[in-house]
Amino acid sequence: MTEKTKADKLAREVDKLIAGLEPHSDDEEIAQLLEVARLRRAEALRAAQRGSKQQEETWKLLLQQLRRKSPG
Amino acid sequence: MTTARAYYETAAPRVAERPTLSELPSFTEVYDHYFPKVYAFAQNRLNDEDLALDIASAVFEKAYLKMGSLRSPDSIGSWLFAIARNEMVTHWRKEKPVEEAWTQATWELSLTSQHAGPEERLLKKEEAAALARLVQQLPPREQEVIALKFDAELTNREIANVLDTTEINIRVAVFRGLRRLRNIIDKNGLYQGGQ
């Protein structure tokens, strides 16, 4: 299997992972890379969760900044 | 974000007049949907939570001021993360030596000061810190593609638009980045240099 073919197959499974579906591959290397992808995806979700906790406070600060830039 | 939306509608009528939003998602909808992703993208690229908040705030400020120039709702993801990318490039150009020192200090602190809390939570934090450190060993282009894929959750076409390249190149970059990361983990372990 060429690198491009593997990249295409991996891309489809990564998209499933990000969509919350269960990715799968019978190809040993792609299956290994999906395990790494799961790890990275978990970190992305943890970071997004931290962001969600700051979302409302940041929104208020952002509005203050925008109002200062919109005099009158 | 109901509270934030109500605040926006009642407290900032003057700012709401600025962009033309008639055929576009409202700014609050864009903010609600994308803020956690922009934060995650910045946090995982910078390894600094406070800085990530500053960057995310700056991104949405710029997005608000420029939103009238957005022609299609379909391109909003790539448009927003192009702004995010520019914000981080600007930051790195201005602050790189300081940022590197601060990042290092943050790592040292995060890896030595987590005494309290359940063991599982501690392991997850250490795992995240270790993974972030390993990701930093990837070539910058692969780091960026992986962050746009996993943190920003952009499609390959959107990432290609942000980076002005082709979808094929993005798919190959994700493949090579994950393979390189797997090789680093296989060779050194997840906790290489982190404890």
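The values are calculated or read from the model by the stated rules, or taken from the named source; none is laboratory data. What you see is a predicted model; the values in this text were computed from it and never measured. Every residue, glycine among them, receives a Cβ derived from its backbone with ideal geometry; neighbour counts consider all protein chains shown.
Kindly provide the set of residues from the stretch A:40-72 that are of a type in the set (Gly, Ala, Ser) and at pLDDT below 90, ordered by number. Lay out the reasoning, then the answer.
Kept after step one, since they are of a type in the set (Gly, Ala, Ser), are these residues of the stretch A:40-72: A:42, A:44, A:47-48, A:51-52, A:70, A:72.
Matches in the stretch A:40-72: A:Ser70, A:Gly72.
How many of the residues in the stretch B:30-54 are at pLDDT below 95, in a helix (DSSP H, G or I) and either among the basic types (Lys, Arg) or surrounded by fewer than 23 Cβ atoms within 10 Å (Cβ to Cβ) (or both)?
10
Condition first: modelled with pLDDT of 80 or more and outside any helix (DSSP H, G or I). Can you find one or more residues in the stretch B:116-136 that meet it?
yes
Give the number of residues within the stretch A:30-50 that are within 16 Å of B:Tyr39 (Cβ to Cβ), at the interface with chain B (Cβ under 7 Å from one of its Cβ atoms) and out of contact with any Leu (no Cβ under 8 Å at 6 or more places or on another chain).
Residues that pass the stated criteria total 5.
Consider the stretch A:1-29. How many of its residues are part of a helix (DSSP H, G or I), within 24 Å of B:Gln43 (Cα to Cα) and more than 7 Å from chain B (Cβ to nearest Cβ)? Lay out the reasoning, then the answer.
Just the residues of the stretch A:1-29 that are part of a helix (DSSP H, G or I), to begin with: A:3-18, A:28-29.
Among the residues that remain, those that are also within 24 Å of B:Gln43 (Cα to Cα) are: A:11, A:14-18.
Then drop every residue that is not more than 7 Å from chain B (Cβ to nearest Cβ), which leaves A:15-17.
Number satisfying all stated conditions: 3.
Of the residues A:Arg40, A:Arg46, A:Arg12, A:Arg67, which single one is more than 26 Å from B:Glu126 (Cα to Cα), under 19 Å from the mean Cα position of the chain (by Cα) and not polar (S, T, N, Q)?
Result of the check over A:Arg40, A:Arg46, A:Arg12, A:Arg67: A:Arg12.
Could you list all residues from the stretch B:143-163 that are acidic (Asp, Glu) and outside any helix (DSSP H, G or I)?
Those that are acidic (Asp, Glu) and outside any helix (DSSP H, G or I): B:Asp151, B:Glu153.
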